[in-house]
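Asker: This is the structure I want to talk about, given as structure tokens.
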Amino acid sequence: TSGSVSAQQLGQAIAEVGNVLRTFRVPVTIIPCDVRAYEPIKVNATAAVFSIKNLTGGGGTDMRQGIQAALELRPKPDSILVLTDGFTPYPAARLPIAVIFGILTFGNSAYALPPNPPWGKDTVIEIELNS
């Protein structure tokens, strides 16, 4: 929910969470994050994701804070999906659980692509939005 994430990107991120719920049929915890992590939101159904109206945030970006908040959840998550425009500091090393970065891009636009996480492209999925 950082200030650099557009309404279109945020909408796509919500849609991606809905897809995770629809595909895997497991509860998901959303942690809004800009320079800090905010109160987690637990969702159990696709409809619940799309009923979320306002996600807290809007400042700078440090997804490490959201990742750390996810690592502190109980029970611990099986994996962490970070949906971001990619312009964020990344953790210095791989973490003890799977972390996948969904980078929301604008495809053939004039926007520069963000740097990928330092662990390699195997942790990155580019999610292309229509410009």
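Asker: Where Lys and Arg each count +1 and Asp and Glu each count -1, what net charge lies around Thr84 among other residues with Cβ under 15 Å from its Cβ?
Answerer: Values: positive: Arg36, Arg64; negative: Glu16, Asp34, Asp62, Asp85, Glu126, Glu128.
Summing Lys/Arg as +1 and Asp/Glu as -1 gives -4.
Asker: Rounded to the nearest whole Å², what accessible area per residue is found for the chain with the 1.4 Å probe?
Answerer: Per-residue accessible area for the chain comes out at 58 Å².
Asker: Restrict the search to the range 2-54; then list the trypsin sites (Lys or Arg not before Pro) that DSSP places in a loop and that have at most 11 other Cβ atoms within 10 Å of their Cβ. List each step's numbers first, then the result.
Answerer: Values: sites: Arg22, Arg25, Arg36, Lys42, Lys53; in loops: Arg25, Arg36, Lys53.
Answer by residue number: Arg25, Lys53.
Asker: May I ask you to order 114-124, 4-14 by the average number of other C-beta atoms within 10 Å around their residues, highest value first? If you can, show how the numbers build up before the last one.
Answerer: On the way: 114-124: 13.7, 4-14: 16.2.
Sorting 114-124, 4-14 by mean packing, highest first, produces 4-14, 114-124.
Asker: If you add up the charges near Thr105, with Lys and Arg at +1 and Asp and Glu at -1, over every other residue whose beta carbon is less than 15 angstrom from its beta carbon, what do you get?
Answerer: Residues close to Thr105 contribute a combined charge of -3.
Asker: Over the range 31-95, with every protein chain in place, what whole percent of the accessible area is carbon and sulfur at 1.4 Å, could you tell me?
Answerer: Here carbon and sulfur together make up 51 percent of the probe-accessible area.
Asker: Using the charge dipole of the range 5-131 (Lys, Arg: +1 at Cβ; Asp, Glu: -1 at Cβ; taken about the Cα centre), state which of Ser51, Phe106, Ala93 has its Cα farthest towards the positive end.
Answerer: My answer, from the dipole projection, is Ser51.
Asker: Let me ask something else. I'd like the projected area of the range 26-92, averaged over all directions, using the convex hull of its alpha carbons. Report it in nm² with one decimal.
Answerer: 4.9 nm²
Asker: A follow-up question, please. Which value, in debye to the nearest 20, describes the size of the charge dipole of the range 1-72 about its Cα centre when Lys and Arg Cβ atoms bear +1, Asp and Glu Cβ atoms bear -1, and nothing else is charged? Don't jump to the answer; show the numbers that get you there.
Answerer: Details: 6 positive and 5 negative charges, 46 e Å.
Its charge dipole is roughly 220 debye.
Asker: I'd like the antiparallel share, as a percent to the nearest 5, of DSSP beta bridges with both residues in the chain.
Answerer: Expressed as a percentage, antiparallel bridges in the chain total about 25.
Asker: Let me see the P(r) profile for the range 19-63: every Cα-Cα distance counted, bins of 5 Å, each bin given as a percent of all pairs.
Answerer: All Cα pairs, binned at 5 Å, distribute as 5, 22, 25, 21, 17, 9, 1 percent.
Asker: With Cα extents along the principal axes in Å as the read-out, I listed (i) 45, 31, 26; (ii) 45, 31, 22; (iii) 39, 32, 28; which label goes with the value calculated from this structure?
Answerer: Answer by label: (iii).
Asker: Lysines near Lys53 by alpha-carbon distance under 22 Å, same-chain residues fewer than 8 away left out - which ones?
Answerer: List returned: Lys42.
Asker: In whole Hz, what ³J(HN,Hα) sequence does the range 39-48 give by Karplus (6.51, -1.76, 1.60; θ = phi - 60°), x for Gly and Pro?
Answerer: These are the phi-based 3J(HN,Hα) values: 3, x, 10, 8, 10, 10, 9, 4, 4, 5 Hz.
Asker: Compute the signed sum of charges (Lys and Arg +1, Asp and Glu -1) over the other residues within less than 11 Å, Cβ to Cβ, of Thr46. Each step should come with its number before you reach the end.
Answerer: Working: positive: Arg22, Arg25; negative: none.
Net charge in that neighbourhood comes out at +2.
Asker: How much mean residue ellipticity at 222 nm does the chain get from its helices, if each DSSP H run of length 4 or more adds -39500 (n - 2.57) and you divide by all residues, to the nearest 500 deg cm²/dmol?
Answerer: Details: 3 runs with 32 residues, N = 131.
Per the formula, -7500 deg cm²/dmol.
The values are calculated or read from the model by the stated rules, or taken from the named source; none is laboratory data. Quantities reported herein were computed from a predicted structural model and do not represent experimental measurements. A quick note on method: Cβ atoms are made from the backbone with ideal geometry, for glycine too, and the neighbour counts reach across all protein chains shown. To get the accessible areas, we keep the full protein, side chains included, count just its heavy atoms, and leave off ligands, DNA and RNA. Shrake-Rupley method; radii C 1.70, N 1.55, O 1.52, S 1.80 Å.
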